[in-house]
Amino acid sequence: MITLKQTVGQYFRALTTMYLALLAGQIVLFVIFLYLNLTDHSRQPDPIGGILKYLVAILVINGFVVGQLIYKKRLIKLKSLDDLAAKLEGYRGAMIMRLALLEGPSLLTLVLYFLTADLFFIMMAGFIIFIFLFFIPSRDKISRELELSSAEKMKIENPDALINEI
């Protein structure tokens with residue numbers, strides 16, 4: 001039987017890579033759609049975008065609020081666990097959920113900007129990306145949010161420490 005081992009360093013590399021991939025996807029689409037709309041001088045803002053502005057604003061606010069609520073609720077459950085590996089796996093899931101609930105409205109606003117050429121949508125996407133930047137994972141943030149013990153803090157500071165074996 002093959003045993004797979006995950007170290008703290010591997011965990012944080014995977015977590016950071018996932019975060020950066022989600023962020024990069026938004027930024028790439030932002031730049032592409034902005035370029036396409038700015039270089040096509042024949043496009044004018046579409047009046048149907050006015051109705052969609054309210055929908056987008058509601059989705060962005062709900063995505064942020066619901067993401068925060070789910071994230072905080074999951075953190076409360078994770079703090080009570082004794083196993084560091086289970087805490088870290090749960091943290092990854094909570095983080096993915098929070099980021100996904102922001103990324104969905106971001107991608108929607110980018111597509112709406114591309115379709116309508118209304119600057120409101122690109123500004124909303126930029127705002128979401130700006131908020132996204134505050135959620136970058138770090139050892140200190142995880143330690144603080146999960147209220148890790150001093151032994152657990154020492155373990156996540158050592159990149160070679162084993163946290164999971166499958």
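The values are calculated or read from the model by the stated rules, or taken from the named source; none is laboratory data. On a predicted model such as this, the values are computed, not experimentally measured, just so you know. A quick note on method: Cβ atoms are made from the backbone with ideal geometry, for glycine too, and the neighbour counts reach across all protein chains shown.
Go over the candidates Thr39, Thr116, Thr17 one by one and state the one that is polar (S, T, N, Q) and closer than 30 Å to Glu157 by Cβ.
Exactly one of Thr39, Thr116, Thr17 is polar (S, T, N, Q) and closer than 30 Å to Glu157 by Cβ, namely Thr17.
Restricting to the stretch 133-151, count the residues that are crowded, with 19+ Cβ neighbours inside 10 Å and part of a helix (DSSP H, G or I).
The qualifying residues number 2.
Only one of (1) surrounded by fewer than 18 Cβ atoms within 10 Å (Cβ to Cβ); (2) among the hydrophobic types (A, V, I, L, M, F, W, C); (3) in a helix (DSSP H, G or I) fails for Leu101. Which number is that?
Here Leu101 clears every test but (1).
Could you pull out the residue among Gly9, Gly50, Gly25 that is closer than 30 Å to Ala117 by Cα, modelled with pLDDT under 95 and of a type outside the set (S, T, N, Q)?
Exactly one residue qualifies, and that residue is Gly50.
Pull up the stretch 63-82, narrow it to residues that are free of Cβ contacts under 8 Å to residues at least 12 places away in the same chain and part of a helix (DSSP H, G or I), then point me to the one that is nearest to Pro137 (Cα to Cα).
Lys72
Considering the stretch 51-73 alone, what residues qualify as being in contact with a Pro (Cβ under 6 Å, 6 or more places away or on another chain) and polar (S, T, N, Q)?
Of everything in the stretch 51-73, nothing turns out to be in contact with a Pro (Cβ under 6 Å, 6 or more places away or on another chain) and polar (S, T, N, Q).
In the stretch 116-132, what count of residues is obtained for those that are surrounded by 16 or more Cβ atoms within 10 Å (Cβ to Cβ) and farther than 15 Å from Ile58 by Cα?
Residues flagged as surrounded by 16 or more Cβ atoms within 10 Å (Cβ to Cβ) and farther than 15 Å from Ile58 by Cα within the stretch 116-132 amount to 7.
Take the conditions part of a helix (DSSP H, G or I), within 11 Å of the chain's Cα centre (by Cα), crowded, with 20+ Cβ neighbours inside 10 Å and in contact (Cβ under 8 Å) with a residue 24 or more places away in the chain and apply them to Arg92. Does it pass?
No; evaluated as a whole, the condition is false for this residue.
How many of the residues in the stretch 130-163 are of a type in the set (Asp, Glu) and more than 18 Å from the chain's Cα centre (by Cα)?
Qualifying residue count, the stretch 130-163: 4.
Check whether at least one residue in the stretch 96-107 is modelled with pLDDT of 95 or more, among the charged types (D, E, K, R) and farther than 30 Å from Ser42 by Cα, and report yes or no.
Yes, the stretch 96-107 contains a residue that is modelled with pLDDT of 95 or more, among the charged types (D, E, K, R) and farther than 30 Å from Ser42 by Cα.
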